[in-house]
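Written out below as structure tokens is the structure these notes cover.
The values are calculated or read from the model by the stated rules, or taken from the named source; none is laboratory data. It should be emphasised that the depicted structure is a prediction, and the values quoted were computed from it without experimental measurement. So basically every Cβ, Gly included, is an ideal-geometry build from the backbone, and we count neighbours across all protein chains shown. With ligands, DNA and RNA removed, areas are computed over all heavy atoms of the protein, side chains included. Shrake-Rupley method; radii C 1.70, N 1.55, O 1.52, S 1.80 Å.
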Amino acid sequence: MKLSDIQIKRAKPKEKPYTLNDGMGLSLLIDTAGSKGWRFRYRFAGKPKMLSFGVYSEVSLAEARGKRDEARSMLAKGINPSEARKANKIALQFAHANSFESVAREWHASKTTTWSQGYAKEVLYCLERDVFPFIGQRPIEQLEPLELLTVLQKIEKRGALEQTSKIRRRCGEVLRYAVATGRAKYNFASDLAIALNKPKTQHFPFLMESEMPAFVKALESYQGSIVTKYATQLLMLTGVRTIELRAAEWAEFDLDKALWEIPKERMKKRRPHLVPLSTLAINILKKLHVITGHYTLVFPGRNDVNKPMSEASINKVIKLLGYHGRLTGHGFRHTMSTILHEHGFESTWIEMQLAHVDKNSIRGTYNHAQYLDARKQMLQWYATKITACS
């Protein structure tokens, strides 16, 4: 006789475990503690087998019967339900290990040795915020272009076109990594660009040569923080990126050799960068050393000397001097490039000074040493040029 829910609910534990049969191999085992577990008994290749379908409180009578019927259907096709369950479990584990998120984290880990810590953190944060919640658990080999496009369009609707473009490229790198490691067939991320709005190219405001004397004069008269003033002057004279300057340590400088060596860990391209120092830059550093020379950092933070000065510090100086919207700290690099090119200096020297490293790593290393003397002369000329009329 088939079981009923009332019969199951009324079944009480006894001194020994006992079984209530529902028919066609399905039964309910009631143990001495009162737990009620579904069992399906069958024979395969002449040997007795048994499958557990869970406990009654979690699996209803109708669900247990459905599982039994599914198992019997497998048996009719010559499939062992127990082995099929094991195979499905392995497949699920494999799918999770090869989900988009798992592969993306593996790709990210492989890149951290060539990225700065800050950049690596930013990349992972964007994926965790904008991608993983939507397609992170999808097996990467089953991911469809429309699924990724839908994720990118969500970002695009926020008006974050540049962020959309960046995340599309990063997802493309993940897919390319998956293809290379045999876990995906092709990388379709680049094909999605046509369905997305193209971000406008961002140009940092910068000053032309004719505007520099007035700015240099205004900066020289700046009455705010002397350390931030010196930072702005050095940024202008060296052409380094703002973060490279803010995080500079005194140990990186050799003032006797007029050279600043930025370690690869702090460079965007993860390659060490040699920065020749003009006489004016050395004089500024000597005056700065009197103020911050007892710290590790050249430009220690106001509230924590173990952290660099604020990212906004230099742009605040520029704003207070009346150049808001006309110049940014990053704009000094464009100004330097423009002036030096207009005065006929070798493009390779300028690109090396701005750390736009040659993609050929061997040639780039050779050129780095080859152009150092030339860049020293170029930087000395530049310092004299932009401060001559101040």
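With respect to Glu122, determine if the residue is surrounded by fewer than 18 Cβ atoms within 10 Å (Cβ to Cβ) and assigned to a helix (DSSP H, G or I). Can you show your working first?
Details: surrounded by fewer than 18 Cβ atoms within 10 Å (Cβ to Cβ): yes; assigned to a helix (DSSP H, G or I): yes.
So Glu122 passes the test.
If I filter region 69-84 for residues that are in a helix (DSSP H, G or I), in contact with a helix residue (DSSP H, G or I) (Cβ under 9 Å, 6 or more places away or on another chain) and closer than 30 Å to Phe134 by Cα, do I get at least one hit?
yes
Could you list, in sequence order, all residues of region 327-341 that are open to solvent by 50 Å² or more (accessible area, probe 1.4 Å) and under 31 Å from the mean Cα position of the chain (by Cα)?
Start the filter on region 327-341 by keeping residues that are open to solvent by 50 Å² or more (accessible area, probe 1.4 Å), which leaves 330, 334, 341.
Answer for region 327-341, where residues must be open to solvent by 50 Å² or more (accessible area, probe 1.4 Å) and under 31 Å from the mean Cα position of the chain (by Cα): His330, His334.
Evaluate region 271-279: report whether one residue or more is at pLDDT 95 or above and surrounded by fewer than 20 Cβ atoms within 10 Å (Cβ to Cβ).
Within region 271-279, one or more residues are at pLDDT 95 or above and surrounded by fewer than 20 Cβ atoms within 10 Å (Cβ to Cβ).
Can you tell me how many residues in region 294-320 are over 16 Å from Ile243 (Cβ atoms), assigned to a helix (DSSP H, G or I) and open to solvent by less than 100 Å² (accessible area, probe 1.4 Å)?
Total meeting the criteria: 2.
Among the residues of region 170-183, write down those that are crowded, with 16+ Cβ neighbours inside 10 Å and either part of a loop (DSSP other than H, G, I, E, B) or not small (Gly, Ala, Ser) (or both).
We begin by selecting, within region 170-183, every residue crowded, with 16+ Cβ neighbours inside 10 Å; these are 170-178, 183.
Hits for region 170-183 are Arg170, Cys171, Glu173, Val174, Leu175, Arg176, Tyr177, Arg183.
List every residue pair whose Cβ atoms sit under 9 Å apart, with the two residues 6 or more apart in sequence or on different chains, where the first one lies in region 371-385 and is under 14 Å from Met236 (Cβ atoms) and the second, anywhere, is assigned to a helix (DSSP H, G or I) and open to solvent by 70 Å² or more (accessible area, probe 1.4 Å).
Ala383/Thr279; Thr384/Thr279
Okay, residues lined up against (1) over 17 Å from the mean Cα position of the chain (by Cα); (2) loosely packed, with under 14 Cβ neighbours inside 10 Å; (3) more than 26 Å from Ala180 (Cα to Cα):
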| site | (1), (2), (3) |
| --- | --- |
| Lys67 | yes, no, yes |
| Met74 | yes, no, yes |
| Gly78 | yes, yes, yes |
| Glu83 | yes, yes, yes |
| Glu101 | no, no, no |
| Trp107 | no, no, no |
| Ser116 | no, no, no |
| Phe132 | no, no, no |
| Ile140 | yes, no, no |
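Tell me, which residue of region 250-259 that is part of a loop (DSSP other than H, G, I, E, B) and not aliphatic (A, V, I, L, M) is most open to solvent (accessible area, probe 1.4 Å)?
Applying the first criterion (part of a loop (DSSP other than H, G, I, E, B)) to region 250-259 yields 255-258.
In the following step, the residues that additionally are not aliphatic (A, V, I, L, M) were identified as 256-257.
Values: Asp256: 154, Lys257: 134 Å².
For region 250-259, the residue satisfying everything is Asp256.
Do you know which residues across region 342-364 are over 22 Å from Arg271 (Cα atoms) and either at pLDDT 90 or above or open to solvent by less than 60 Å² (accessible area, probe 1.4 Å) (or both)?
Phe345
Go through region 184-202 and give me each residue that's touching a residue at least 12 places away in the same chain (Cβ under 8 Å) and either part of a helix (DSSP H, G or I) or open to solvent by 40 Å² or more (accessible area, probe 1.4 Å) (or both). Let's see the steps before the verdict.
Within region 184-202, the first condition is being touching a residue at least 12 places away in the same chain (Cβ under 8 Å), and the residues that meet it are 184-185, 187-193, 195-200, 202.
Across region 184-202, the qualifying residues are Lys185, Asn187, Ala189, Ser190, Asp191, Leu192, Ala193, Ala195, Asn197, Lys198, Lys200, Gln202.
Just the residues that are in contact with a Ser or Thr (Cβ under 7 Å, 6 or more places away or on another chain), polar (S, T, N, Q) and free of Cβ contacts under 8 Å to residues at least 40 places away in the same chain, please, taken from region 307-356.
The answer is Asn315, and nothing else.
What tally of residues in region 118-162 results from selecting those that are of a type outside the set (A, V, I, L, M, F, W, C), within 26 Å of Arg271 (Cα to Cα) and free of Cβ contacts under 8 Å to residues at least 40 places away in the same chain?
3
Can you name the residue in region 260-270 that is among the basic types (Lys, Arg) and open to solvent by less than 70 Å² (accessible area, probe 1.4 Å) and is also modelled with the lowest pLDDT among such residues?
So the first thing to find is which residues in region 260-270 are among the basic types (Lys, Arg), and the list is 264, 266, 268-270.
Checking the rest, the ones that are also open to solvent by less than 70 Å² (accessible area, probe 1.4 Å) come to 266, 270.
Values: Arg266: 81, Arg270: 68.
Filtering region 260-270 for residues that are among the basic types (Lys, Arg) and open to solvent by less than 70 Å² (accessible area, probe 1.4 Å), the one modelled with the lowest pLDDT comes out as Arg270.
Determine which single condition Ser27 fails, assuming it passes every other condition in (1) assigned to a loop (DSSP other than H, G, I, E, B); (2) open to solvent by less than 30 Å² (accessible area, probe 1.4 Å); (3) touching a Ser or Thr at 6+ places or on another chain (Cβ under 6 Å); (4) not basic (Lys, Arg).
(1)
State whether one or more residues within region 43-65 are at pLDDT 90 or above, in a helix (DSSP H, G or I), open to solvent by less than 50 Å² (accessible area, probe 1.4 Å) and farther than 27 Å from Arg138 by Cα.
Checking region 43-65: at least one residue is at pLDDT 90 or above, in a helix (DSSP H, G or I), open to solvent by less than 50 Å² (accessible area, probe 1.4 Å) and farther than 27 Å from Arg138 by Cα.
Among the listed residues Ile282, Ile243, Ile291, which satisfies the condition of being open to solvent by less than 40 Å² (accessible area, probe 1.4 Å) and part of a helix (DSSP H, G or I)? Give the derivation first.
On the way: Ile243 fails: open to solvent by less than 40 Å² (accessible area, probe 1.4 Å); Ile291 fails: open to solvent by less than 40 Å² (accessible area, probe 1.4 Å).
Going through Ile282, Ile243, Ile291 in turn, the sole match is Ile282.
Counting just the residues of region 270-279 that are out of contact with any Asp or Glu (no Cβ under 7 Å at 6 or more places or on another chain) and not in a loop (DSSP other than H, G, I, E, B), which one comes out nearest to Gln377 (Cα to Cα)?
Step one: list which residues in region 270-279 are out of contact with any Asp or Glu (no Cβ under 7 Å at 6 or more places or on another chain), which gives 270-271, 273, 275-279.
Narrowing the set further to residues that are not in a loop (DSSP other than H, G, I, E, B) leaves 273, 275-276, 279.
On the way: His273: 17, Val275: 12, Pro276: 9, Thr279: 11 Å.
Among residues in region 270-279 that are out of contact with any Asp or Glu (no Cβ under 7 Å at 6 or more places or on another chain) and not in a loop (DSSP other than H, G, I, E, B), the one nearest to Gln377 (Cα to Cα) is Pro276.
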